[in-house]
Amino acid sequence: MAHVPRTRPPQLSAGHVRRRALEDVLERGADRDLTVLSAPPGFGKTSLLAAWVGDDHGRATAWVCLEPEDRDPRRLWSAVLAELTALSAVPPSSRLHRLVVSRSTVAPEFLTELTAAITALPSPVRLVLDDVHHLADPLSRQGLAMLLRDTGDRLGLVLAGRRDPPLPLPRLRMDERVTELRAEQLAFSPAESAALLAAWSPSLTPAQVTVLHERTGGWVAGLRLAALSLRDHPDPDRFLDGFSGDERPVADYLVDEVLAGLPESRREVLRRISVAPEVPAGLAPRLAGRDDAAEVLDDLAHTTGLVAGSGARGDAYRLPELLRSHLVADLGRRGPGLVAALERTAAVWWAAQGAPVEALRHAARADDPALLADLVGRWAPWLAGRGEHAALAAAVGSSEPVGDARLATAAAHVHLARGEDDLARAALRRARRDRRPGADAAAFRAATERVLGRALPVADREPVPAEPALAAHARIGRGAAAVRADDPSRARTELGAGLALAHRLGLDGLAHRGRCLLAAALWIAGDVPRAGAAAARALAEPGADGPGSAPWSALARAVAAHAALLHADPGAARALTGAGEEVADPVVRFALLCARGGAAVDLGERTAGLLALQAARTALGDTVVPGALAATAALLEHRAAVGLGHATAAGAVTAWLAGRDPASPALALVRGWSAAAAGELAAARTAIAVLLAPPARPSPDALDVEAWLLEARIRLARADRPGARAAARHAVDLAAPRDALRPFVHADGGVRALLVDELATGAARAGFVARALAAGATSPAGIALSGREHDVLARLPSLESFDEIAGDLDVSINTIKTHVRALYGKLGVTTRRDAVLVAHEQGLLG
Amino acid sequence: MAGRFEIRVSGRLSDRARAAFADMAVVEVPAETVLSGWSHDADEVHGILDRIQELGLELVSLRQVRESGDA
């Protein structure tokens, strides 16, 4: 039976019979890992558990009653986690308090952490899952099995439902780890039946009680209905005569009798409210079609006990499930449209209360496509943005695929959440065929298409919808389109506005997509540090690995990987790219494969890296990519080719970039590199002149830094040492705020040696230079220095003379010279400058 | 389990209880009622079994019927 609220055992009714013998069975099995109550409805499973748990609820016993929507694992495990953390037996220090269920998806890791946190509890707890037959998805089944297997004696699991739970019961039985109660044990004994009937119909004789017990077989729901109809029955014996010997099912007969004891006007009220398992006082008059419906239900509650609840908030009117099922069937018999009309009334009422889940639940059965489309249209942006796809799936799954843009777009979001991108696109094609969508439906469809990568241009006068959740989708969709259109400044504006809305409304699923796209926009704009930070934050969000987040997380990983490359951390870049091939979006796949190839080059696998970069470019074909990505890819590949002395390969990638983007500023650099590699320094200088003229536009490949480092190399070759030094300094000053270390790893040896002098100058620049020289350090091992040698080495980058160093260390000048000779020998150098350079490159300094 | 199936419950159903199975064929045999219909998947059959339980009917048997060409 369903109860509100669902995380609390129900109140026991006045006529409740305590079943001490069964409670003893439960108590004796309390130290077993699992307790299973498996029986059809109306056998008193919930009442027995509620009586047994009693005051322990909230102390060491958590209680969750499952509902159909718990097919969605997020909903189920959120409720379980909330109940567990509310227990007084769970101390504030427990890791359970730090667990969060993602709003977009539940990952297996969450279940592992939940299990570990329970296992670490100081005292055992119990978790009751009532109506566990609603648990349907594989992940939740896996979670149940994990809790049972791995929590040791810290968790007692109690599962009640209409069917056996999906667990290996035979084996658990053999290991004596399970206590089971089934219909035969749960059925009332003759004495219990007598006690129940005595409470409800005190005038029955022992013989009458015996007949009732035998006919119902101790089935509580049947006994209860019998007791209710016998309460004021004029002729109990006639009732019992009709009851026995008949071929009719007991339930059928009892329901007839109960209803026969009521005036038709009251039967009608009950019939009409039966479409809803929970009827708040406000809904009752709408369903019953009379203003005094709540009074009628209150009266039935007091005089017959047929109705439970007071209609108040959190205590809606409820009918016994058995009676309700028969009433719904009766309604269906009276006219096919009647049930649908009442479902419609309930849907409209819940929608007016701002309760989309309940409204859609009823609308799905209302046989009113217009209403369903209307409610889906109104709530889909909010539900999809929050990742509440179960309610949406139930609503759109209940109708045949129709050409209504609202339903089709909602279906697309359900598919997206499951990682079914192809089906999502097919649903959007259906949405497109709707020739007359409303303004909001058109905006939601466009936003979804854009987020999925379709390049729908944004018209200048395209309005932003007024509804906030829809506006958040629209903004983020436009941001996605601007990223595709290589317009990072517009992308940042739209994504910023969309993210602010999404955060305010708690649309976490949508916000994740927005943040990944923002990382891409920042990267294209050349702001690599902030792009890397945004990507890292998006990837750290719970649920970033879920199927509904994967395409956008892949984009964030590509951004983070390129940022890591620029920061001279190829190991991190490689870890972020994964295999790369499994990503569906060709642009994102290209970006990931390029980062992977670049990482291979930087990790010393130069030939493999070059081949990987070439392969990525070939696989891309004619797909359009943002200019910054094409330039970055070309620079990675060109550098790898030149490094291997492969002029043809370098020429090929130059031609590729020129063919794609003849205006790309990166062309100047690759031409400069090629010329320099061929020893044509004058040509190199001419080629890069355009890059040295301010103002340089920031780019994620640090084009300006690279150009100034090449300039330094050219000047050095022309013996213009002061000019080379100035150019190198300029490169450092451009690179330092962006932490762009990679250009220095690949810089010419002479230029790197020049930079050693910078170590002794102003602290700000020296810090970056030290890291730039240390970046790409081959290995800190191999060279073993004594403590004293290390002290001396640490002072070599300064401008101090050996005399001054001797004074600092309080030793003689000859001792210093001895240490320096030993150091030079170990480092394989002959000058102080080379010693500092090699020391940095070996990771001995900095 | 997709295909044709047949469910037997004990006793003769009232018109009201029969109405709960509007999309199935309902036939009475001595002391039992036979419900038969088509299903697309196991979920659908589970739904019907749930309805039988909710109505308090006693399930006697459930079986899948071989296709006989009378779709």
Check your understanding: Would you pick out the residues in the range A:142-190 that are assigned to a strand (DSSP E or B), more than 24 Å from B:Gly47 (Cα to Cα) and either within 14 Å of another protein chain (Cβ to nearest Cβ) or among the acidic types (Asp, Glu) (or both)?
Key -> A:Glu180
Study note, to complete from the structure: Restricted to the range A:314-323 and to residues being assigned to a helix (DSSP H, G or I) and buried (at least 22 other Cβ atoms within 10 Å of the Cβ), the residue nearest to the other protein chains (Cβ to nearest Cβ) is A:Leu322
Check your understanding: Filtering the range A:227-253 down to residues that are without any contact (Cβ under 8 Å) to a residue 40 or more places away in the chain and within 50 Å of the chain's Cα centre (by Cα), which residue is nearest to the other protein chains (Cβ to nearest Cβ)?
Key -> A:Pro249
Point to revise | Hey, A:Leu297 assigned to a helix (DSSP H, G or I), more than 47 Å from the chain's Cα centre (by Cα) and buried (at least 22 other Cβ atoms within 10 Å of the Cβ) or not | key: no
Review point. Would you say A:Leu331 is at pLDDT 90 or above, more than 10 Å from chain B (Cβ to nearest Cβ) and either on the phi < 0 side of the Ramachandran plot or crowded, with 21+ Cβ neighbours inside 10 Å (or both)?
Key: no
Check your understanding: Can you tell me which residue in the range A:15-46 is modelled with the lowest pLDDT, limited to those that are touching a Phe, Trp or Tyr at 6+ places or on another chain (Cβ under 7 Å) and either assigned to a helix (DSSP H, G or I) or within 14 Å of chain B (Cβ to nearest Cβ) (or both)?
Key -> A:Gly42
Review point. Which one of these is charged (D, E, K, R) and within 33 Å of the chain's Cα centre (by Cα): A:Arg639, A:Arg617, A:Arg606?
Key: A:Arg617
Point to revise | Residue list for the range A:383-414, restricted to those being at pLDDT 90 or above and under 20 Å from the mean Cα position of the chain (by Cα) | key: A:Leu383, A:Ala384, A:Gly385, A:Ala410, A:Ala411, A:Ala412, A:His413, A:Val414
Review point. Do we have A:Leu12 as away from chain B (no Cβ under 14 Å), more than 35 Å from the chain's Cα centre (by Cα) and not β-branched (Val, Ile, Thr) here?
Key: yes
Exercise for review: Report, by residue number, each residue of the range A:48-82 that is surrounded by 21 or more Cβ atoms within 10 Å (Cβ to Cβ), at pLDDT 90 or above and of a type outside the set (A, V, I, L, M, F, W, C).
Suggested key: A:Thr61
Exercise for review: Report yes if some residue within the range A:265-273 is within 21 Å of A:Ala363 (Cα to Cα) and within 14 Å of another protein chain (Cβ to nearest Cβ); otherwise report no.
Suggested key: yes
Point to revise | A:Leu499 vs. criteria modelled with pLDDT of 95 or more and either of a type outside the set (D, E, K, R) or more than 17 Å from A:Val625 (Cβ to Cβ) (or both) | key: yes
Practice item. Select from the range A:210-226 the residues that are away from every other protein chain (no Cβ under 14 Å) and surrounded by 21 or more Cβ atoms within 10 Å (Cβ to Cβ) and write down the one among them that is farthest from A:Arg182 (Cα to Cα). Key: A:Leu212
Study note, to complete from the structure: Those residues of the range A:747-773 that are over 20 Å from A:Pro722 (Cβ atoms) and either in contact with a Pro (Cβ under 7 Å, 6 or more places away or on another chain) or at pLDDT 80 or above (or both) come to a total of 6
Exercise for review: Test A:Glu69 against the stated conditions and say whether it is charged (D, E, K, R) and either farther than 15 Å from A:Leu147 by Cβ or not in a helix (DSSP H, G or I) (or both).
Suggested key: yes
Exercise for review: Tell me, yes or no, whether the range A:680-687 has at least one residue that is in contact (Cβ under 8 Å) with a residue 60 or more places away in the chain and surrounded by fewer than 18 Cβ atoms within 10 Å (Cβ to Cβ).
Suggested key: no
Point to revise | Subset of the range A:570-597 [more than 12 Å from A:Ala619 (Cβ to Cβ), touching a Lys or Arg at 6+ places or on another chain (Cβ under 9 Å) and of a type outside the set (A, V, I, L, M, F, W, C)] | key: A:Pro570, A:Arg574, A:Thr577, A:Gly578, A:Glu582, A:Arg596
Exercise for review: Would you point out which residue out of A:Ala260, A:Ala308 is within 14 Å of chain B (Cβ to nearest Cβ), among the aliphatic types (A, V, I, L, M) and surrounded by fewer than 21 Cβ atoms within 10 Å (Cβ to Cβ)?
Suggested key: A:Ala260
**Study point:** For A:Arg182: the one exception among (1) over 21 Å from B:Val9 (Cα atoms); (2) at pLDDT 90 or above; (3) charged (D, E, K, R)
**Key:** (1)
Review point. Just a yes or no: is a residue in the range A:353-368 assigned to a loop (DSSP other than H, G, I, E, B), at pLDDT below 90, β-branched (Val, Ile, Thr) and not assigned by TED's automatic domain parsing to the domain that holds A:Ala447?
Key: no
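The values are calculated or read from the model by the stated rules, or taken from the named source; none is laboratory data. Nothing here was measured: the structure is a model prediction, and the numbers come from that model. Please note: Cβ atoms are built from the backbone with ideal geometry, for glycine as well, and neighbour counts cover all protein chains shown.
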